[in-house]
1. Kindly check whether there is at least one residue in segment 36-58 that is at pLDDT 90 or above, farther than 22 Å from residue 156 by Cβ and surrounded by 16 or more Cβ atoms within 10 Å (Cβ to Cβ).
2. Kindly evaluate residue 358 against the criterion of being over 25 Å from residue 114 (Cβ atoms) and polar (S, T, N, Q).
3. Being farther than 29 Å from residue 334 by Cα, over 19 Å from the mean Cα position of the chain (by Cα) and among the small types (Gly, Ala, Ser) narrows it down to one of 235, 224, 218, 247, so name that one.
4. Only one of these is of a type outside the set (Phe, Trp, Tyr) and out of contact with any Phe, Trp or Tyr (no Cβ under 8 Å at 6 or more places or on another chain): 254, 318, 314, 330. Name it.
5. Count, please, the residues in segment 192-211 that happen to be more than 23 Å from residue 226 (Cα to Cα) and modelled with pLDDT of 90 or more.
6. Tell me which residues, restricted to segment 108-160, are of a type in the set (S, T, N, Q) and at pLDDT 90 or above.
7. Which residues, counting only those in segment 59-105, are within 18 Å of residue 153 (Cα to Cα), at pLDDT below 80, surrounded by fewer than 13 Cβ atoms within 10 Å (Cβ to Cβ) and not polar (S, T, N, Q)?
8. I'd like to check which strands (runs of 3 or more DSSP E) are fully inside segment 194-306 and have at least 1 residues that are buried (at least 16 other Cβ atoms within 10 Å of the Cβ), touching a helix residue (DSSP H, G or I) at 6+ places or on another chain (Cβ under 8 Å) and aromatic (Phe, Trp, Tyr).
Amino acid sequence: MALDLVEQFRCDARVTCVVCTDDAGVANEARALGAEVWWTGESGEKSNGLAETQNGAAGMQDGTVEPDSFGNPRVDAGRGQRFDWLRTLQEVVRAFAADPDESVVVAGGCGAPFLTREGVREMAERQRDGVWQNNRMSPDIVWVKPASAVLQVRECLTDNHFGFALEEQAGLPVQFFPGEMGLFYDVDTPFDALLAAKHPAAGERLRAAAGKLPQGVALEEMLAVLARTDYPDIALLGRVHPLEAEAFGQALGLRMRVFSEERGMKALGREEKGLVRSLTAALVETIGVEAFFSELAGMASGVLWDTRVLFAHLKLQLSEQERFAADLGLVEEVHDPFLRSFTEAAVRAPIPVLTGGQALVSGALRLLREATKR
């Protein structure tokens, strides 16, 4: 999926595409597509001539270190150090930015699966200083100008907080990309990929990867409900995006039952600090998962549930593998007692229930309305 994104960026000759990865296969394929590679693997790792760092510590013949375009000595890419998101980003900007005033686009490898070539061109042609991102609370792709602003950020652990960090620490105003640029969706989980493959703009690699996923979810049943014309009720639970929810309901003629909680829980540090509180989760605790789904089935014809709020409220220590298995309805691969009973109840529910992360109740709402056939 990351390589689909590389192909889109490489369509514009003005764009230097740099892939940061510790995956040798991705690195070699990215280079074959014309991208630069910044290796973040362990010290000493190599793959078919791929050096530990592609652009670290450029030495001059006289023994001095060549300065970067910001007038600073070029730095090594942190060989042997634990991966640090901000440090890596700043090293890449120092190494590849030809001009401190040019723009930088930061995207997760699966952060913009529907980015169009027109969208790439628009980003390349933006002239005003500032920050543009695809959403406020959890951006997946961020455009910033000037590049020097990236170096003014002193603290930022993940891309989720990058927009806030640029605003607070570099003093740049934050604005938001228009929806038509194809930046409304992020693939964070296997289930996100399964959904994304239903969109007409999905890339070839994305479709191929999704087609290989084992799964037992009621996705086709959900699409059938959304295609109905009798105003079916759809329940949205979790960190629901208000604008996407409204557009989703209006476009498909749905009656919406929305309970939105804890938007920004990651970016604001609430999950990390154990501060997440959920009324939905409290009700599940009180009456149990079976009774909860029974009540929900009497009110809605389908459910889209961002379960990460539920998990954070319950302070569940779940592995990534278990969360992903639960999203895909693979009950036998879930071992946590609560999550297993929850997954069983969701799979057995008399209505289609789709569970996942924040994307399911934000960008996926647009994806589903564009993928629904009537």
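The values are calculated or read from the model by the stated rules, or taken from the named source; none is laboratory data. What you see is a predicted model; the values in this text were computed from it and never measured. Ideal geometry is used to build each Cβ from the backbone, glycine not excepted, and the neighbour counts take in all protein chains shown.
1. Taking every residue of segment 36-58 in turn, at least one turns out to be at pLDDT 90 or above, farther than 22 Å from residue 156 by Cβ and surrounded by 16 or more Cβ atoms within 10 Å (Cβ to Cβ).
2. Considered against the rule, which asks whether it is over 25 Å from residue 114 (Cβ atoms) and polar (S, T, N, Q), residue 358 comes out as no.
3. None of the others qualify; the one that does is 247.
4. Only one candidate passes the filter, namely 330.
5. Adding up the residues that qualify gives 3.
6. Once the filter is applied, which keeps residues that are of a type in the set (S, T, N, Q) and at pLDDT 90 or above, segment 108-160 yields 133, 148, 152.
7. Selection gives 71 alone.
8. Answer list for segment 194-306: 302-306.
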